[in-house]
1. List, please: which pairs have Cβ atoms under 6 Å, are six or more places apart or on different chains, and start with a residue in region 120-142 that is not in a helix (DSSP H, G or I) and end with one that is not aromatic (Phe, Trp, Tyr)?
2. Considering only region 447-501, state which residues are in contact with a Pro (Cβ under 9 Å, 6 or more places away or on another chain) and open to solvent by 60 Å² or more (accessible area, probe 1.4 Å).
3. Could you list, ordered by first residue, the pairs with Cβ atoms under 9 Å in which the first is in region 500-516 and on the phi > 0 side of the Ramachandran plot and the second is buried (at least 19 other Cβ atoms within 10 Å of the Cβ) and at pLDDT below 90, at least 6 apart or interchain?
4. Mind checking which residues of region 384-400 are of a type outside the set (A, V, I, L, M), open to solvent by 10 Å² or more (accessible area, probe 1.4 Å) and touching a residue at least 40 places away in the same chain (Cβ under 8 Å)?
5. Pick out the one residue from GLY506, GLY555, GLY567, GLY510 that is among the small types (Gly, Ala, Ser) and surrounded by 15 or more Cβ atoms within 10 Å (Cβ to Cβ).
6. Open to solvent by 50 Å² or more (accessible area, probe 1.4 Å) and over 28 Å from GLU231 (Cα atoms): is that true of LEU285 in this structure?
7. If I filter region 134-156 down to residues being touching a helix residue (DSSP H, G or I) at 6+ places or on another chain (Cβ under 9 Å), surrounded by 15 or more Cβ atoms within 10 Å (Cβ to Cβ) and charged (D, E, K, R), which single residue comes out as farthest from GLY193 (Cα to Cα)?
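The values are calculated or read from the model by the stated rules, or taken from the named source; none is laboratory data. Here the structure is a predicted model, which is why all the values come from computation and not from measurement. Neighbour counts are summed over all protein chains in view; Cβ atoms, including those assigned to glycine, are modelled from backbone coordinates with ideal geometry. Heads up: the accessible areas ignore ligands, DNA and RNA and are worked out on the full protein's heavy atoms, side chains in. Shrake-Rupley method; radii C 1.70, N 1.55, O 1.52, S 1.80 Å.
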Amino acid sequence: KKKKMKNDAVDEWIEYYDPQNQASYYHNHATGETRWVKPGDEHLYESGSEGSDSGGEEESTSHGNNSNVSSLGLLSYAKTNFRKPKERALKKARSYEERLCWQNEPITKPLHPLSKRLTPEAVKAYSCILYYMGDAQTSEPNLISFAISLCEKALADEALVNEIFCQLCKQTTQNPNQPSLVKGWQLIALLCGCVEPSRQLLPHFQDYLKSNADKQDEIGELAKLSQQRLELTLSIGPRKLQPLKPEIDSIFNKTPLIIRVSFLDDTHTALKINTSLTSREFCNLVKDKKSLKNATNFSLFEYLGSVEIRVLKDDEQILDSLSRWALSDERALKKKEIKPEEVGTRFRFVFKPRLILPSMEDVDDPAFINFLYIHAVFNTLCGNYSCSDDDAIRMAALQLQVSVGDYQVSKNPAGFVSNNLDKYVPTPILTTRSPDDWEKIIVEAYKRLEGRKALDAKLEYLAFVKKSPLYGASFFFVSQKQQFADMPENILVVINHECVQFVRSGMSKGKIAAFPYSEVLSWGYTDSTFSVIVGNQEKQHKIKVETKRGEEMCGLCRGYVDSIIQGISQQS
């Protein structure tokens, strides 16, 4: 189909129709020039931007808050990296300026030359952008799901990251619809906190953000936010998992997220955080909240109920954990392993000491002493630290002195110990006496502590637990098959300031083998194993067990050995 027309009575143009793209284009046989925009309508487009990437006959008029293609810094990138049209389509190919401008129709091909596997994913990504921005109609009421899906696609394959960033730049360039434009910039800000562009795209994309950050409107604010989030991503690396709705709402509404962290005494606190916070930064927030002078030896742990799962690395973004928990809940719900009301309640963060040394008590830091005390009480009551009956009685009395103060009949009625015996007596010896007998002897010891200050009581409690050979230890459930003959397959590896031990699981914690660090020659891990080489220069033996926490275990060995070396250096 063709139609002749005159433009200023000088050049002869012929209008053609492209059925594949369902759009008209214009060719001048005298000059050989081809355009998507009707000759004479160029004034409708800033920077010579003409037409739409889908080929639709959409007039993209200038908008006051829109970016100018020539100022993007993206044009040179597009000319080098965008998909090149096939030779037979060169005459009707859209200019790079046109391909970097907003359109309200889906694309059939990606902007970049992608593999056959990724091409449909790029097209779907563009549809997610259109649906979220309101440039295309959808029956899905939850538009946030499109934002989540877009992040998921970018995180799933690095090759899609540049494509999605460029798609977003395209949709926020010469967009005539202000609400759509704002939502497009929301997506840019969201993506900047999840992934980073390639080295080739990065400087051009940063120019794009900069060219919009000076605007005194909502677009300028979102561009500044995008710059901040991108800078953090470049510093700490991309996310591992896509963000969830609460996080996205926090970003878009510019409100802080509230995250709850627990402690080993079953208390907790809530903290306001930004969406790019790392585990170490979160620990520092807890430090300030709890008036700790130093949190170097503290870490953030993931728990499933009462079971410790793992420790977070210092540079991990904690919101990745929330995304992982949500996916785990979703899978468990589908398998009917949990009830709907359990979703979102199973996992938690726990803040506690990771590396404990005997000389760590600092009486000038009562908050630090309190955390060591809480850690000691927890491990004593669950049976990790063994103690005699006499020590257990004295330690229970010290607990009461810390929590209640001096004994008073009005504050300590009959049954106040026996009804809460598991809070005072270690589980392994809980049934060796009747509840009433335990209360009688504990209260007698408690009365003798009258006048004892809480800090002094905590320090005395810590002095008791230091008698345990497992004091300050971290416990790891592992599997072994041939390392220790006649031993069960499931055992514990226990690592503390003195040695690496292999013990039986269960209440007894019976020792299988123990190796002081003078005999630990090296250690290592894989994704599924932990190993140590023990012995001396003449004879060595390798012990290898199965666990997914090998990296944590190696980190503890390294930390304790470093502290030993540092202590020797200070003495010399």
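1. GLY134/SER180; ASP135/ASN104; ASP135/SER180; ALA136/LEU130
2. Of everything in region 447-501, those that are in contact with a Pro (Cβ under 9 Å, 6 or more places away or on another chain) and open to solvent by 60 Å² or more (accessible area, probe 1.4 Å) turn out to be LYS466, GLU498.
3. Here the result reads LYS509/SER386, each pair linking region 500-516 to a residue that is buried (at least 19 other Cβ atoms within 10 Å of the Cβ) and at pLDDT below 90.
4. Within region 384-400, ASN384, SER386, CYS387, ASP389, ASP391, ARG394, GLN399 meet the criteria.
5. GLY555
6. Answer is no for this residue.
7. ASP135
A quick yes/no check of all residues on (1) hydrophobic (A, V, I, L, M, F, W, C); (2) surrounded by 14 or more Cβ atoms within 10 Å (Cβ to Cβ); (3) touching a Gly at 6+ places or on another chain (Cβ under 6 Å):
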| position | (1), (2), (3) |
| --- | --- |
| LEU300 | yes, yes, no |
| GLU316 | no, yes, no |
| ASP329 | no, yes, no |
| LYS335 | no, no, no |
| GLU341 | no, no, no |
| SER359 | no, no, no |
| ASP365 | no, yes, no |
| ILE369 | yes, yes, no |
